[in-house]
Structures are given as structure tokens and as C-alpha cells.
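*Asks:* Please read through the structure below; I'll follow up with questions.
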Amino acid sequence: MTSNTRKVRAIKASRPENPDPIMMQAGDTLELAGKEDDGWIWCRHRAGKESWVPLSYLTAEGEGKTRTALFNYDATELPVEVGEEFQAELEEHGWLWCKNTQGKWGWVRVANVEHID
């Protein structure tokens with residue numbers, strides 16, 4: 001997890017792939033529901049929602065296919081239009097946690113933006 005605030009501008013449009021993402025709190029139990037991919041793992045929350053979760057946000061060990069959340073986490077992806085600007089707060093394995101000009105927070109793929117400050 002790398003944190004340093006910076007401005008970015010979209011160079012490629014994208015749409016969220018998961019319409020109902022996980023929102024978890026530290027201490028929540030999650031089920032490992034899929035495979036790992038570059039620092040992320042597909043998980044299912046007890047509320048039934050599924051999303052990619054950074055491995056670093058989960059305990060390394062658990063019972064069987066369960067892990068405990070170490071941090072609060074929201075898997076929301078922001079829709080992105082070319083030229084749109086964001087305030088990036090956090091970088092995690094190829095994704096940025098950003099706020100758009102309407103004040104909404106979510107993840108934006110690093111490859112889809114350029115730094116502007």
C-alpha cells in the first residue's frame with residue numbers, strides 16, 4: 001500500500017465491472033472464492049457480495065478458505081471518461097484509490113491515467 005496524494009487525468013475510458021462490490025470493515029470474515037492475481041484475490045463477503053480484495057488487506061492464515069479483514073476496504077470502481085481528473089490518494093497493485101470531481105471515491109486503473117502535478 002503506497003499513499004501519497006497526487007492529481008491524475010484519464011487517458012483511457014473504462015466502466016466498473018462489478019455492479020455490487022464488497023465493502024468490508026476490519027475484523028470481517030471473508031471467504032476466498034477465486035484465484036489470486038497480482039496481489040489481489042477474489043473474495044465473498046458474508047453479505048454475499050464478491051469482489052477483488054488486496055491480499056495485503058487480509059490475514060495470511062485462516063480456517064480453510066476464510067480470512068479476516070485487517071483494514072476497512074471498499075471495492076467500488078469509478079467510471080472513467082478520457083480527460084476526467086481525479087485526486088489519487090492511495091496506490092495498490094496497479095490501481096489508484098481516487099476521488100472524482102463530484103466527490104465520489106473508487107478505484108481507477110493506473111494504466112488508464114497520467115500524473116498531472
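*Asks:* For residues in region 32-60 being assigned to a loop (DSSP other than H, G, I, E, B) and open to solvent by less than 60 Å² (accessible area, probe 1.4 Å), which is farthest from residue 110 (Cα to Cα)? Working first, answer last.
*Replies:* First, the residues of region 32-60 that are assigned to a loop (DSSP other than H, G, I, E, B): 38-39, 46-49, 59-60.
Going one step further and asking which of them are open to solvent by less than 60 Å² (accessible area, probe 1.4 Å), we end up with 39, 48, 59.
Numbers: 39: 15, 48: 28, 59: 26 Å.
Checking each candidate, the answer is 48.
*Asks:* Among the residues of region 61-112, how many are out of contact with any Cys (no Cβ under 8 Å at 6 or more places or on another chain) and part of a strand (DSSP E or B)? Step through it out loud before you land on a result.
*Replies:* So in region 61-112, the residues out of contact with any Cys (no Cβ under 8 Å at 6 or more places or on another chain) come out as 61-66, 68-77, 79-85, 90-104, 109-112.
Still in the list and also part of a strand (DSSP E or B): 66, 68-69, 73-74, 77, 80, 85, 90-92, 95-99, 109.
Of the residues in region 61-112, 17 are out of contact with any Cys (no Cβ under 8 Å at 6 or more places or on another chain) and part of a strand (DSSP E or B).
*Asks:* Find all pairs meeting these conditions: Cβ atoms under 8 angstrom apart; at least six residues apart or on different chains; first residue within region 95-117 and open to solvent by 20 Å² or more (accessible area, probe 1.4 Å); second residue part of a helix (DSSP H, G or I).
*Replies:* From residues that are open to solvent by 20 Å² or more (accessible area, probe 1.4 Å), the pairs are 95/110.
*Asks:* What pairs come out if I take residues in region 64-75 that are modelled with pLDDT under 95 and exposed (fewer than 14 other Cβ atoms within 10 Å of the Cβ) and pair them with residues that are charged (D, E, K, R) and not in a loop (DSSP other than H, G, I, E, B) whose C-beta lies under 7 Å away, six or more apart or interchain?
*Replies:* Every condition considered, the pairs that remain are 65/31.
*Asks:* Which count do you get for residues in region 2-31 that are outside any strand (DSSP E or B) and among the hydroxyl-bearing types (Ser, Thr, Tyr)?
*Replies:* 0
*Asks:* Separate question: Quick one: in region 15-31, which of the residues that are within 19 Å of residue 109 (Cα to Cα) and either touching a Pro at 6+ places or on another chain (Cβ under 7 Å) or of a type in the set (D, E, K, R) (or both) is least open to solvent (accessible area, probe 1.4 Å)?
*Replies:* By that ranking, first place goes to 16.
The values are calculated or read from the model by the stated rules, or taken from the named source; none is laboratory data. Since the structure is predicted, the reported quantities are computational estimates derived from the model, not experimental observations. Cβ atoms come from the backbone with ideal geometry, glycine included; neighbour counts cover every protein chain shown. The protein model used for the area step is the full one, side chains on, heavy atoms only, and it has no ligands, DNA or RNA in it. Shrake-Rupley method; radii C 1.70, N 1.55, O 1.52, S 1.80 Å.
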